[in-house]
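Q: One structure, pasted below without further comment.
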Amino acid sequence: MSNHDIIDVYDILTVGTETIPPKEIYYAKLGKLICAMHNEANVTLQQIQRATGITPDVLQDYELGRREIPVYDLLVLMSYLENRG
């Protein structure tokens, strides 16, 4: 199992009693976690695209927090990376 997992995603998605951060900070934090999981899984952008349908450009935008990630894409991506890491 990787150092990062679905629990980390849950922690980001459920801010709990914290003040909800601005969107830019929220997606940057989520993107950093996705990037870390991607690196730990040791898979290429092309492998992720074949498995999830998420293109390399879109994935890089997610990882850099430049694009909001739809819940379904997040689920598909997390499932793939969790099982690879």
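Q: What about Tyr26, is it at pLDDT below 90 and surrounded by 16 or more Cβ atoms within 10 Å (Cβ to Cβ)?
A: yes
Q: Would you mind telling me which numbered condition in (1) in a helix (DSSP H, G or I); (2) at pLDDT 80 or above; (3) in contact with a Leu (Cβ under 9 Å, 6 or more places away or on another chain) Asp8 fails?
A: In the conditions (1) in a helix (DSSP H, G or I); (2) at pLDDT 80 or above; (3) in contact with a Leu (Cβ under 9 Å, 6 or more places away or on another chain), Asp8 misses (2) alone.
Q: When you scan region 40-69, how many residues do you find that are of a type outside the set (S, T, N, Q) and over 25 Å from Pro22 (Cβ atoms)?
A: 9
Q: Taking the condition of being touching a residue at least 40 places away in the same chain (Cβ under 8 Å), closer than 18 Å to Arg84 by Cβ, part of a helix (DSSP H, G or I) and more than 9 Å from the chain's Cα centre (by Cα), how many residues in region 17-71 meet it?
A: 2
Q: Would a scan of region 52-61 turn up a residue that is modelled with pLDDT of 80 or more, touching a Phe, Trp or Tyr at 6+ places or on another chain (Cβ under 6 Å) and of a type in the set (A, V, I, L, M)?
A: no
The values are calculated or read from the model by the stated rules, or taken from the named source; none is laboratory data. Because the structure is predicted, anything quoted here is derived from the model rather than measured. Virtual Cβ from ideal backbone geometry, glycine too; neighbours counted across all protein chains shown.
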